[in-house]
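Engineer: Have a look at this one.
Nothing in this text is a laboratory measurement; each read-out follows from the coordinates by a stated rule. Keep in mind that what you see is a predicted model, and the values were worked out from it rather than measured. Glycine also receives a Cβ, built like all others from the backbone with ideal geometry; neighbour counts cover every protein chain displayed.
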Ligand code: FES
């Protein structure tokens, strides 16, 4: 794991099947626990900037609480209208039950 990763939580902080919002290095991220693996996306919907972390996580998709767009949290892809652009994703690493994220290298797929 490179020095760009910042510890932000322990794995038990995020229950399986839920999303939780953190601010790491000034970036607001929604971390989604999908079947025991955590994925981080920017906490901003690409349709109209609603906080995605407040949405419902169903399997590997989170639904925007404002207009219902869904995003695949594993790769950021917009899965249905009204969003068409992907949300940024961030690499998450787990070590000894602690979670680290690299907010400097956002990926937009
Ligand atoms: S703000 Fe998210 S779908 Fe409109």
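Engineer: For segment 1-70, take every pair of Cα atoms, bin their distances at 5 Å starting from 0, and report each bin as a whole percent.
Structural biologist: Once binned at 5 Å, the Cα pair distances of segment 1-70 give 3, 18, 28, 24, 16, 8, 2, 0.
Engineer: Further, regarding this structure: Compute the separation of the alpha-carbon centres of segment 91-109 and segment 43-88 and state it in Å as a whole number.
Structural biologist: When both Cα centres are located, 19 Å separates them.
Engineer: Given contacts defined as C-alpha pairs under 8 Å and at least six residues apart, what's the relative contact order of the chain, whole-number percent?
Structural biologist: Working: 261 pairs, mean separation 27.9, N = 109.
For the chain, the relative contact order is 26 percent.
Engineer: Can you put 103, 12 in order, fewest other beta carbons within 10 Å first?
Structural biologist: Details: 103 22, 12 8.
Least to most surrounded, the residues fall as 12, 103.
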